[in-house]
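Trainee: Structure incoming, see below.
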Amino acid sequence: MADPSSYRPKPGQIPDSPGVYKFRDEYRRVIYVGKAKNLRQRLANYFQDLAGLHPRTRTMVTTAASVEWTVVSTEVEALQLEYSWIKEYDPRFNVKYRDDKSYPYLAVTLNEEFPRVQVMRGAKRKGVRYFGPYGHAWAIRETVDLMLRVFPVRTCSAGVFKNAARSGRPCLLGYIGKCSAPCVGRVTPQEHRDLAEDFCDFMAGRTGTYIRRLEKDMTRAAEDMEYERAARLRDDAEALRRAMEKSAVVLADATDADLIAVAEDELEAAVQIFHVRGGRVRGQRGWVTDKVEAVDTAGLVEHALQQLYGEETGDSVPKEVLVPALPDVPEAVSQWLADRRGSHVSLRIPQRGDKKDLMGTVQRNAQQALALHKTKRASDLTTRSRALEEIAEALGLGSAPLRVECFDISHLQGDDVVASMVVFEDGLARKSEYRRFQIKGFEGQDDVRSMHEVIGRRFKRYLQEKERTGEWEEIRSPGVTGPVPAPDTAPAAEPSHSRDGSPQDGPREDGPREDGPREDESREDDGRPKRFAYPPQLVVVDGGQPQVAAAKRALDELGIDDIAVCGLAKRLEEVWLPDEDDPVVLPRSSEGLYLLQRIRDEAHRFAITYQRAKRAKRVRSSPLDDIAGLGETRKQALIKHFGSVRKLRQATIDEICEVPGIGRRTAESVAVALAGAAPPAPAVNTATGEIIDEDDGGSTS
């Protein structure tokens, strides 16, 4: 625990102007970001007697090892910079609301030639008009189904649209009148865009105009004795009324406002937001967060405003924002909101009338959300705490292992040997800390040696991080006269990403993420968590006595004696400890055993996923891959021209030169490379007995 006086700035060093400050810990990670109207006065509050500080503030300043600041011109700039740094560094002592990108929105893609109405989740896109968020996607679809009678806008995907345009036949919605069928030219692009803009106007709250117009047309049709048309217009008006009824009228017409309420206790806080557009509640959402910093209701409101509007511009920021308490500097926050909207934004506390009554409703929703969250979490926390306590008791640990790392080895008959490291903190998977390793110290199958290598490489990195930060000036192993050698460098592995661009199964091996430096490159002290900076309280290996002994030997060679090691054997689910002849047998109903099984199974899944990816990449390799100067485009041109590698191998140099983009020198290189590469042994289809020609993709009898 650090003494704040050891890094307190000297008198006169801190300016008395607006700015943003960062506290860093001993590993140079940013652990707290704050802003101040007067930096000198604000920072002085952190360096008073520890007994006078709030417990959370006291924990933060004793965890920190340094403080730095950036001066800005105005409080609005300070607010914007604080938001940017919190998003970038994700400090552990700042209040963080759960990301709300999972909420469904009703979206109209006005950026397309033929705008489409659809349900959208995730980050907002430029040129798309959004309405919501909604609690459930089915609520959006019910509303859209009613409105398509009056505004028959396209709802089909790009593939369906192109198929209909190619065949000249619209989809079912086009036949039943719920789509204007722009795919087959029933309406012009401009007429369809007008329909989409009318749809947006109605959803934005301008409802009375369209219903009055439909009623007027209905009356005129009845007078002209066009009774079928009058009946349809009557049904259209009724459909719009039903769509309007799905969002209750709560405020005067044309009122655009967001109402934010906060329910809190000593440890947690719940935030609820009602989005009112055109006097109707068009969307609702909320978050629950841990109060990891000493923050009051005004501070929670300010954090909520940053979360809500930090990425928004234009009409996404309403004209009026109603809150239960004003931020410490309301003028700066109001100006920040106005800059994002492009016009004046009113930020205030409702005092009377309908708006105060509606704020009471939002407040009750926040209180119910907090109560529901506590009910759910109590059971979950109790179970996880009991599991960690059972593990600590069974293994003889002094305290519950809050961070557990598990390692597993995977290979296929000794080929493509890889390892995985998964991390569980407080009994929950922390996928951003997952790591993958390639075994490179030897060839062949040896799980014990592989485990020894992986554990050694992982904790060499940990020691290197400690040495780099100066915590250990020189790390010596027992029986070694020099400092611990730097770890070897692992080659990069292929990335695996999900739809939103984040790593699907955790980062790559003990090398970096795709956007980071290689393992052997130094990194600036930018405050981001280092890859191997956190030590676990418990290391779990997938295996029995031999694997546990190898892991313990690797730690002993590095001089690490404060990390517990155990192994979980699959056969009887026995827990093995180093230097013990008999395993620890946990009851089958034990929550601790169940947690260890989950961790072990996750490590196995992660390892085998990586191993399969490497094997698939190796199988997909071609003799053309090793030819210098032959890029992907020309490789594809060769295969397309000849049909297969086998036929290309039989071609002459002159025939290869006939391929566009292939010169004689390249053709000679291709011919030489293929002549020297032995063709692969034929594969056999075990179901039919046929020999599969992998080059041609066919078979021969």
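Every number in this text was worked out from the coordinates using simple rules, so none of it is lab data. Quantities reported herein were computed from a predicted structural model and do not represent experimental measurements. When we count neighbours, we look across all protein chains shown, and the Cβ atoms used for this are built from the backbone with ideal geometry, even at glycine.
Trainee: In what sequence, highest mean first, do 577-583, 195-201, 228-234, 541-547 appear when ranked by Cβ atoms within 10 angstrom?
Mentor: 541-547, 195-201, 228-234, 577-583
Trainee: Among VAL317, VAL329, LEU305, whose Cα sits farthest toward the positive end of the charge dipole of the range 280-332 (+1 at Cβ of Lys/Arg, -1 at Cβ of Asp/Glu, about the Cα centre)?
Mentor: Result: VAL317.
Trainee: In whole Hz, with x marking every Gly and Pro, tabulate ³J(HN,Hα) for the range 48-55 from phi via Karplus 6.51 cos²θ - 1.76 cosθ + 1.60, θ = phi - 60°.
Mentor: Once θ is set to phi - 60°, the couplings for the range 48-55 become 7, 4, 4, 5, x, 8, 4, x Hz.
Trainee: Another question, then. Going highest first, how would you order 594-601, 187-194 by mean Cβ packing within 10 Å?
Mentor: Ranked by mean Cβ neighbours within 10 Å, highest first: 594-601, 187-194.
Trainee: Same structure again: Taking a ≥ b ≥ c as the square roots of the eigenvalues of the Cα gyration tensor of the range 266-317, is the shape rounded (a/c under 1.5), prolate (a/b larger than b/c) or oblate?
Mentor: Because a/c hits 1.5 or more and a/b exceeds b/c, the range 266-317 counts as prolate.
Trainee: In the range 371-469, what chymotrypsin sites (Phe, Trp or Tyr not before Pro) fall in a loop by DSSP, with at most 15 other Cβ atoms inside 10 Å?
Mentor: When the chymotrypsin sites (Phe, Trp or Tyr not before Pro) of the range 371-469 are filtered for loop state and at most 15 Cβ neighbours within 10 Å, PHE442 remain.
Trainee: Quick check: from the Cα gyration tensor, does the range 19-160 come out rounded (a/c under 1.5), prolate or oblate?
Mentor: Prolate is the answer for the range 19-160, as a/c is 1.5 or above and a/b outweighs b/c.
Trainee: Once fully extended, how much extra length lies between ASN111 and ARG8, figured as 0.36 nm per residue of separation less the alpha-carbon to alpha-carbon distance?
Mentor: Contour length minus the Cα-Cα distance gives 31.8 nm.
Trainee: How big is the charge dipole of the range 58-167 about its Cα centre, in debye rounded to the nearest 20, if each Lys and Arg gets +1 on its Cβ and each Asp and Glu gets -1 on its Cβ?
Mentor: 660
Trainee: Work out how much length ASP426 to TYR227 would gain on full extension: take 0.36 nm times their residue separation and subtract the Cα-Cα distance, in nm to one decimal.
Mentor: 64.7 nm
Trainee: Restrict the search to the range 423-461; then list the GluC sites (Glu not before Pro) that DSSP places in a loop and that have at most 12 other Cβ atoms within 10 Å of their Cβ.
Mentor: GLU443
Trainee: What FRET efficiency, computed as 1/(1 + (r/R0)^6) with R0 = 30 Å and r the Cβ-Cβ distance, is obtained for HIS54 and GLN367, rounded to the nearest 0.05?
Mentor: In this case the efficiency is close to 0.80.
Trainee: Pop a pseudo-label 7 angstrom from the Cα along the beta-carbon direction at both ARG220 and GLU26 and give the gap in nm to one decimal.
Mentor: For ARG220 paired with GLU26, the spin-label model returns 8.1 nm.
Trainee: Would you tally the net charge around ALA230, using a Cβ to Cβ cut-off of less than 12 Å, leaving ALA230 out, and scoring K and R as +1, D and E as -1?
Mentor: -3
Trainee: Run the simple label-point estimate for ASP561 and GLU393 please: 7 Å along Cα→C-beta, distance reported in nm.
Mentor: Inter-label distance under the simple model: 2.9 nm.
Trainee: Among VAL345, SER385, SER432, pick out the residue whose Cα is farthest towards the positive end of the charge dipole of the range 301-460, where Lys and Arg carry +1 and Asp and Glu carry -1 on C-beta, about the Cα centre.
Mentor: About the Cα centre, the residue reaching furthest to the positive side is VAL345.
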